[in-house]
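Asks: There's a structure below that I have some questions on.
The values are calculated or read from the model by the stated rules, or taken from the named source; none is laboratory data. Small disclaimer: the values here were computed from a predicted structure and weren't measured. Because the Cβ atoms are built from the backbone with ideal geometry, glycine has one as well, and the counts that use them run over all protein chains shown. Heads up: the accessible areas ignore ligands, DNA and RNA and are worked out on the full protein's heavy atoms, side chains in. Shrake-Rupley method; radii C 1.70, N 1.55, O 1.52, S 1.80 Å.
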Amino acid sequence: MLAEDYYLPHYTNVNGTIYFYGGSFSNFVGGPFTLEHPHTQELVEYPTVEHWFQASKSKTLEGHEKVRLEPETWTAKGHGQQVPLLDEWDTKLKFAVMAEGLRVKYAHVAFAGELLATGDLTIAEDSPTDFVWGIRDEESGFSGRNLLGLALMLVREELLGTDRDERYEKIMDMAVTDVDRELIAYDKTSSEQN
């Protein structure tokens with residue numbers, strides 16, 4: 001796939017699963033987004049959700065800012081893979097950070113509409129190389145963790161409202177450990193008041 005084609009929609013609906021790679025479900029698409037800087041607690045702008053996610057890994061302010069301020073998303077991702085990681089990043093924090101970034105992205109009507117249009121279908125990132133965030137595995141099978149797909153489905157359930165509690169809990173069970181739950185917890189009462 002050419003780099004410029006990455007931003008075009010690439011969806012396939014197979015037996016009730018939406019497989020995507022690139023397109024608007026990608027963290028490389030959309031933005032800028034305003035989120036709270038984890039080091040300074042100030043509201044700052046991130047060019048994409050990928051910038052937010054990669055920058056949020058960093059144990060240092062310097063590493064965070066190097067990623068956040070990088071104009072090119074692919075380069076920002078590369079910088080994020082070189083920063084010193086926060087303690088418990090892989091075991092406890094990464095899914096919560098991803099969910100927070102996606103909540104901000106899908107608060108925008110255009111993105112929310114596309115996510116809601118998936119209905120109750122399973123969403124799976126069909127990355128050929130990412131076996132944690134994508135559905136693929138090292139043998140080109142489909143036993144990857146699909147954390148990005150699960151995070152998208154979690155945000156979709158939040159957008160659909162409180163009558164979806166059972167589905168929300170099922171997605172949480174597939175995606176996270178009990179320790180992560182309190183970090184990811186979505187405050188339904190604050191969204192209902194808005």
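Asks: Among 140-153, 61-74, how do they line up by average Cβ neighbours within 10 Å per residue, starting with the highest?
Replies: Descending packing order for the listed peptides: 140-153, 61-74.
Asks: Leaving out ligands, DNA and RNA, what percent of the accessible area of segment 71-139 is carbon and sulfur, probe 1.4 Å?
Replies: 54
Asks: Mind ordering 88-101, 18-31 by average Cβ neighbours within 10 Å, highest first?
Replies: 18-31, 88-101
Asks: Between L85 and L43, what is 0.36 nm times their sequence separation minus the Cα-Cα distance? Round to one decimal in nm.
Replies: Contour length minus the Cα-Cα distance gives 13.0 nm.
Asks: When DSSP beta bridges are limited to those with both residues in segment 1-155, what percentage is antiparallel, rounded to the nearest 5?
Replies: 70
Asks: Over segment 16-99, give the accessible area per residue in Å² for a 1.4 Å probe, as an integer.
Replies: Solvent-accessible surface per residue comes out at 44 Å².
Asks: Same structure, new question: Could you report the accessible area of H39 in Å², rounded to 10, computed with a 1.4 Å probe on the protein chains as they sit in the structure?
Replies: Surface accessible to solvent at H39 totals approximately 60 Å².
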